[in-house]
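**Student:** My questions all concern the structure below.
No value in this document is a laboratory result; all are computed from the given coordinates. Everything numeric in this text was worked out from a predicted model, so none of it was measured. Quick reminder, even Gly has a Cβ in these numbers, built from the backbone with ideal geometry, and neighbours come from all protein chains shown.
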Amino acid sequence: MKKSFAADGGLLFVAFIWGSTFIVVQNAISTLVPLAYNAWRFLFGAIFLILWVVIFKKDAKFSIPLVLSGALLGVFLFVGYTFQTVGLLYTTSSKAAFITGLSVILVPLFSYFILKIKPAASVASGACLAAIGLYLLTMTGPLKLNAGDGLVFICAAAFGLHIIFTAKVTNQYSTLLLTIVQLLTVSILSFISGTFINGPEKIFNFHALGRPDVLFSCLFTAFFATSMAFLLQTALQKFTTPSHVGLIFIMEPVFAAITSAVWEHEYMSYTGAIGCLLILLGMGLSEWRPKKHKKSHKTSSY
């Protein structure tokens, strides 16, 4: 139980890192196209971990099953980030944030059908409550669906599957090596797809990458929001359930809203504040376990 609470706390810290670095990323992709940013960010993140292996874990060894498992996790991450980026071209950021957060509902479903783990009633109720809170926090207008929303929904499904399959393989392989492979996979696929979509001149735009603000953003998010965050996720998921992870990660837009309020003075509305409260209540409800009453009659001993 103590390990489970510690893992939840560590994963909440991961959500805080992602939410608090949203402004840094947003400023950088105004100069560097998103696929190029992801390619360099994940490459730098992998390099940080590779250096750690070279210096401190020289005896670490890759295996074909480990590489395949890490590559699969990387594909889910790549699909999530890419479809979210492309979807934003056709929909609003508020709807994208809400639909991405629907992974909180998808994770318990995937957990049941793929891992054969039936979520507790408190977890399912907490997920629904958090989804309502996410809607109040992110949506400022009517929810009219379009093609871009469908693309972002694929992103939500990919992030949900990443959580599920991380839970499936995290106990089998080295956390450090598994994280390196998935980060390299995202980087390689981002370089390849970005070259075809945006052109090599934009993906390998070293002039834009070399700008102090952009380079700082890449290195900062590569270390904290990429190598450290995904290393923690991969290591800690073995101590908690996928459904809990999905609920914890829905705190990312809450932390993003708080960060915007502190640094850019973009204060949320009363509706958004209620949404944050419902997300917190949903997380609290998911942790609630009813006490089992002892039977009053005596049982026979054998």
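**Student:** List residues of region 49-64, by number, whose backbone nitrogen lies under 20 Å from a label position 7 Å along Cα→C-beta of Leu219.
**Tutor:** 49-55
**Student:** Can you sort Val79, Val181, Val107 from fewest to most other Cβ atoms within 10 Å of each residue's own Cβ? Numbers along the way, then the final one.
**Tutor:** Details: Val79 19, Val181 22, Val107 30.
So the ranking, lowest neighbour count to highest, is Val79, Val181, Val107.
**Student:** Mind checking the angle between helix 121-138 and the chain's longest principal axis? C-alpha axes, 0 to 90 degrees, to the nearest 10.
**Tutor:** For 121-138 against the chain, the angle is about 40 degrees.
**Student:** Still on this structure, I have one more. Taking a spot 7 Å from the Cα of Leu89 along the direction of its beta carbon, which residues of region 184-219 have an amide N less than 20 Å from it?
**Tutor:** 187-205
**Student:** Further question: Once phi is turned into θ = phi - 60°, what whole-Hz ³J(HN,Hα) does the Karplus curve with 6.51, -1.76 and 1.60 give for every residue of region 212-221, x standing for Gly and Pro?
**Tutor:** x, 5, 6, 5, 4, 4, 4, 5, 5, 6
**Student:** Can you tell me the order of 97-105, 10-18 when each peptide is scored by its average per-residue count of other Cβ atoms within 10 angstrom, highest first?
**Tutor:** Working: 97-105: 24.3, 10-18: 19.2.
Those peptides, ordered most packed to least, come out 97-105, 10-18.
**Student:** GNM, the chain, Cα, under 10 Å: largest mean-square fluctuation among Val75, Val245, Val186?
**Tutor:** Among Val75, Val245, Val186, the largest GNM mean-square fluctuation belongs to Val75.
**Student:** Tell me what the chain gives for mean residue ellipticity at 222 nm when only DSSP H runs of n ≥ 4 count, each as -39,500 (n - 2.57), the sum divided by the residue total, rounded to 500 deg cm²/dmol.
**Tutor:** Numbers: 16 runs with 221 residues, N = 302.
Calculated at 222 nm, the ellipticity per residue is -23500 deg cm²/dmol.
**Student:** Can you list the HN-Hα couplings for region 44-50, worked out from phi with the Karplus curve (6.51, -1.76, 1.60; θ = phi - 60°), rounded to whole Hz and with x for Gly and Pro?
**Tutor:** Couplings: 4, x, 5, 4, 4, 6, 5 Hz.
**Student:** Still on this model: Let me check against my output: what whole-number percent is the relative contact order of region 1-148, with C-alpha pairs under 8 Å and at least 6 apart? Kindly include the intermediate steps, with their values, before the conclusion.
**Tutor:** Details: 48 pairs, mean separation 32.2, N = 148.
In percent, rounded to a whole number, it is 22.
**Student:** What is the extension gain from Leu115 to Lys238, computed as 0.36 nm multiplied by their sequence separation minus the C-alpha to C-alpha distance, in nm to one decimal? Please list the in-between numbers first.
**Tutor:** Values: separation 123, 0.36 × 123 = 44.28 nm, distance 1.34 nm.
In short, 42.9 nm is gained.
**Student:** With a cut-off of at most 12 other beta carbons within 10 Å, and DSSP calling the residue loop, which trypsin sites (Lys or Arg not before Pro) in region 40-140 qualify? Please list them.
**Tutor:** On the way: sites: Arg41, Lys57, Lys58, Lys61, Lys95, Lys116; in loops: Lys57, Lys58, Lys61, Lys116.
Counting only loop positions with at most 12 other Cβ atoms within 10 Å, the trypsin sites (Lys or Arg not before Pro) in region 40-140 are Lys58, Lys61, Lys116.
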